[in-house]
Protein chains: 2
Amino acid sequence: MLKFASLLLALSFCQGRQHHNINNDDEVVPVFQASKYSSLWPLPQKVQISEISFKLSGTSFKIVDAKESSAGSSCSILQSAYRRYYEYMFGSAKKQWGGKNRRADLTELHVWITSPDSECDAYPGVTSDESCESFYGGLETFSQLVYEDEYGAKNINSSKISDFPRFAHRGVLLDSSRHFLPIKVILANLETMAMNKINVFHWHIVDDQSFPYLSRTFPQLSQQGAYHPYTHVYTPADVKMVIEFARLRGIRVIPEFDTPGHTQSWGKGQTDLLTPCFSGSKPSGTFGPVNPILNTTYDFMTQFFKEVSTVFPDTYVHLGGDEVDFTCWKSNPDIQKFMEQQQFGEDYSKLESFYIQRLLDIVSTTQKGYLIWQEVFDNGVKLKADTLIHVWKGNQQQYQNEMANVTASGYQTLLSTPWYLNRISYGQDWQGFYKADPQDFKGTDEQKKLVIGGEACLWGEYVDATNLTPRLWPRASAVAERLWSASNVTDIDDAFNRLSLHRCRMVERGIPAEPLFSSYCPHEYKGV
Amino acid sequence: MLKFASLLLALSFCQGRQHHNINNDDEVVPVFQASKYSSLWPLPQKVQISEISFKLSGTSFKIVDAKESSAGSSCSILQSAYRRYYEYMFGSAKKQWGGKNRRADLTELHVWITSPDSECDAYPGVTSDESCESFYGGLETFSQLVYEDEYGAKNINSSKISDFPRFAHRGVLLDSSRHFLPIKVILANLETMAMNKINVFHWHIVDDQSFPYLSRTFPQLSQQGAYHPYTHVYTPADVKMVIEFARLRGIRVIPEFDTPGHTQSWGKGQTDLLTPCFSGSKPSGTFGPVNPILNTTYDFMTQFFKEVSTVFPDTYVHLGGDEVDFTCWKSNPDIQKFMEQQQFGEDYSKLESFYIQRLLDIVSTTQKGYLIWQEVFDNGVKLKADTLIHVWKGNQQQYQNEMANVTASGYQTLLSTPWYLNRISYGQDWQGFYKADPQDFKGTDEQKKLVIGGEACLWGEYVDATNLTPRLWPRASAVAERLWSASNVTDIDDAFNRLSLHRCRMVERGIPAEPLFSSYCPHEYKGV
């Protein structure tokens, strides 16, 4: 992501308003309220908000490129952000504000980018610098500092923000297989991810239930495997749009094509890809995981992941590898024979590893890194050093042990177990998400450094366009702060206060983020 | 509600299409599939769907008043229903259909109303006749029988429906105090109630958290007690609109003004209404339930409920009476003194009864009947014979005992305990709602007859405009079928199949009803 090294305030345009805490010489004494962070979410690393406030006017306010900035009007990512944040700050209020001559204290925000201009067209990556040293933090933080006074006028208090994320990988998983998610829903949630400084969209795009990804190489996969071949698929143009929309918001799109399990929908459009299950000595007509003993399987995977590697620009792809059911493999006489030949005995996890090993080799040739669910590590598959192990199983003790084991083996890891947001319960369950910490396990400092972040997962069995967005937000916001803010930001009362305001801000920006508890927003959601 | 005694099919306009099950003489043999109810929800009492299908065309289809009908073009409730159901059936498809000359099998639906015309302007009531003897059931049922064939053409199969509700009171409680619910949200949910043949909107309009009801007599109540005196109130015009919108859909609006507990917000705009709590010998500055020992309290209630009785036309009002906390009463020396005078000893439930008794007398003078939460019955308050006891507490055994006790005392009752839809859990919790039966307790037939129905309650702590609708539907649909259909309609698999289609129909009609499980709808929700 672009390095917003400095958001300069054009001080010559400003007149500081005097509020409380003024000494006898009429000299403004900024009082930094270290414990009052207004509605900031996630909390920046260092925040000092003074009591000196400036007025902003939508009719005169400009976001301009600082003279020293390496990026300017030709930088699409920056211009897109200017428009977005201008609308967040002034969008609804502008028309009511009347004439252009209204006096404003602060009329220009200077944005000074220090990274090379070329990044304007680049994709965000795991090594992108997201730090920010400035008066007001990045544009999202700046916009969060803007508030309405009792007259409806926009104000911002003079502030000093120093900011950077605690973890590089802060993700949200959406599942478009159990239910198809219209593009509109995906874009709205990318928009909301940006508001929460989430920088990875883990797109669990296909699974047993349906295959909505329209492959140019294997169009039969969605033609046969999607819920509907036209209304319930993501065309190449759709995928491109999602990726570009995400890029403009500093969000990486990591697709997951999970094999060898979770592939029932793949089998409909690709003959012989899945293992035929047997009932006694005869094929039962049903199919199991990907057939790992046929050369055609690997030919298919080679072509398929070659396409995936070009369609999705991110340097990582998620290869799944979870929950492989051995029942079907065990029933199949050809598989049994292969097991004997390979001297695997009765250990079908060796067969699973055999498949995954070859798949990883195939994907490696596409120059992509990969994420895999923890089972692949647990089964002892040989992995590239830069593989990311995605922990998702067990209770707290079990996942903490897993994090310890994975990092002791020198692998990088990310955590999802405590953040299965599809699991709902009555009450303020965001507090549980908020308390979980991915570095909370027994291990050395070196091991802790191998934790690159985590992901909130919203599996799709019970969500679709009707209820996904309010179920995800602000519950995923709790995860967003855990992954962005300092590890000692754990005050649940302070979090409740800020998050309540942050959720109303999301609502004002058009996102149906659900309430934390009895309360109200100045501007309630306008939809149904 | 109007009695749709017959929806006549103009058979002279029809040509039966021959499908399967034709005998050798080319004579159509209608095969009634007693176990196949397509997408009907709630299931009518008697359904026979033949395999003879008719085509409908949006360009030629007319809903007309039968010659014999007692209601016609001047009947607002009927004309409003015609338009609504025409749009449900043809709304989105009409434009694609081209010319007017497209051949249709069924061009007119004759609606024969047998009840007096005057009911067109009346409000629905607990004694309204909702039964329906016809080829196609009521308009909702007729519209549910319409389906698209593989060419997108609308069809309906010749059917014989005999229908009436099992219970007269089939309600949904919405709570506009914990969160303010914009009128738009309330109307959308009334619309959805009608699709589910829910006929009571129990409007829990005020509570501790806020008082959004704008009283003409006591405007200070909302001026001081609402979350916001202008943006978060229901004006008289709003309330009128809700009542009329409901009336046109056969839905009664029963407001709840819960006292003496749950009244914190009342105290802000009405001095001396609430009991001052004491800390030792001094007032603590906080307030408890309504002060039951002052004459001013009863003067206020007299005026207030006089207004309520004129604003809300339904013959019943819900008076609450639940969860009265005695702590504050106990702390107050004036209350203590009063307890002595009345010889109540230390039994504060006697004081509660004293208050409720007087309140009921006041409300009786307005010619309204009343519903009260079960505590009022439990505390032995003297009740009018037509009082409805609303059961909401305890586990299954406890609420079944309560239903037995209440009916043994000769009172009518309605059940909500198993239908607290605000309580969410992971998975298909609608099945639990579906299995509960309000007549499932130990009692005589006479007792069972005193059960007038039930209500699904969606308390407002965790819902507002952002998430209320998908959280309510189709979970409340499960309750709707339990209260409408015959008691032996309990096949959970059949229910799942019909409810899945019914939920997609709600989605097509613009309601974000959430999914039951992994699946898809032909037309997914268009919002976010």
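Is the shape of region A:444-519 best called rounded, prolate or oblate, per the rule: a/c under 1.5 gives rounded, else a/b larger than b/c gives prolate, else oblate, with a ≥ b ≥ c the square roots of the Cα gyration tensor eigenvalues? Taking the square roots of the gyration eigenvalues as a ≥ b ≥ c, region A:444-519 is oblate. From the P(r) of region B:401-528, can you give the percent of Cα pairs sitting at distances over 22 Å? Above the 22 Å cut-off, region B:401-528 has 43 percent of its Cα pairs. One Cα centroid belongs to region A:373-410, the other to region A:237-316; the line between them spans 23 Å. Averaged across B:175-184, how many Cβ atoms of other chains sit within 10 Å of each residue's Cβ atom? That average works out to 3. Summarising the overall dimensions of region A:169-509 from its C-alpha atoms, the Rg and Dmax are 20.3, 65 angstrom. Peptide A:187-193 has a mean shielding of 1, counted as Cβ atoms of other protein chains within 10 Å of each residue's Cβ.
Charging the Cβ of each Asp and Glu at -1 and of each Lys and Arg at +1, and nothing else, the dipole of chain A about its Cα centre rounds to 1100 debye.
Ranking A:S485, A:Q428, A:P512 by Cα position along the charge dipole of region A:428-528, where only Lys, Arg, Asp and Glu carry charges on their C-beta atoms, puts A:P512 farthest toward the positive end.
Inter-copy label distances at A:D299, using a point 7 Å along Cα-to-Cβ, come to 9.5 nm with the shortest given first.
What's the exposure ranking of B:E346, A:E307, going from fewest to most Cβ atoms within 10 Å?
Values: B:E346 9, A:E307 16.
Starting with the residue having the fewest Cβ neighbours, the order is B:E346, A:E307.
Per DSSP H run of n ≥ 4, the term is -39500 (n - 2.57); total these for chain B, divide by its residue number, and report the mean residue ellipticity at 222 nm rounded to 500 deg cm²/dmol.
Result for chain B: -9500 deg cm²/dmol, rounded to the nearest 500.
Straight-line cross-link reach from B:K268 at under 16 Å between alpha-carbon atoms covers no lysines, not counting any fewer than eight positions away in the same chain. A dipole drawn for the protein assembly as shown from +1 and -1 charges on Cβ atoms has a positive end, and of B:A226, B:V290, B:T417 the residue lying farthest that way is B:A226. The charge dipole of the protein assembly as shown, taken about its Cα centre with unit charges on the Cβ atoms of Lys, Arg (+1), Asp and Glu (-1) only, comes to about 2020 debye.
Bridging of A:K154 to aspartates and glutamates at a Cα separation below 17 Å is possible for A:E51, A:E87, A:D105, A:E108, A:E140, A:E508, once same-chain residues fewer than 8 apart are set aside.
How many percent of Cα pairs in the protein assembly as shown exceed 47 Å? When all Cα pairs of the protein assembly as shown are counted, 40 percent exceed 47 Å.
Got a sec? Charge dipole of chain B, +1 on Cβ for Lys and Arg, -1 for Asp and Glu; which of B:S215, B:T263, B:W112 is way out at the positive end? Of the listed residues, the answer is B:W112.
By the count of neighbouring beta-carbon atoms within 10 Å, fewest first, A:W112, B:W373 end up ordered A:W112, B:W373.
Among the lysines of region B:380-505, pairs that are 8 or more positions apart or on different chains and have alpha carbons within less than 24 Å of each other number 12. What is the angle, in °, between the Cα long axis of helix A:236-247 and the longest principal axis of the Cα atoms in chain A? Nearest 10 is fine, range 0 to 90. Approximately 40 degrees, to the nearest ten.
Counting other beta carbons within 10 Å of each Cβ, put B:W392, A:W419 in order, fewest first.
By the 10 Å Cβ count, ascending: B:W392, A:W419.
A:K435 label point (Cα plus 7 Å toward Cβ) to equivalent points in the other copies: 3.1 nm, shortest first.
Taken about its Cα centre, region A:432-496 carries a charge dipole of roughly 120 debye when the Cβ of each Lys and Arg holds +1 and the Cβ of each Asp and Glu holds -1. Bridgeable aspartates and glutamates around A:K337 (alpha carbons under 17 Å apart, same-chain partners fewer than 8 residues away excluded): A:E346, A:D347, A:E352. Inter-copy label distances at B:D325, using a point 7 Å along Cα-to-Cβ, come to 5.0 nm with the shortest given first. Distances between placed amide hydrogens fall under 5 Å for B:V253 paired with B:F201, B:D314, all partners being 5 or more residues away or on another chain. Only Cα pairs under 8 Å and 6+ residues apart enter the sum, and on that basis the relative contact order of chain A stands at 15 percent. Per-residue mean of foreign Cβ neighbours for A:421-429 is 3 (Cβ atoms of other chains, 10 Å radius).
Only the coordinates and a few stated rules stand behind these numbers; no lab work does. Please read these numbers as outputs of a predicted model, since none were measured by experiment. Quick reminder, even Gly has a Cβ in these numbers, built from the backbone with ideal geometry, and neighbours come from all protein chains shown.
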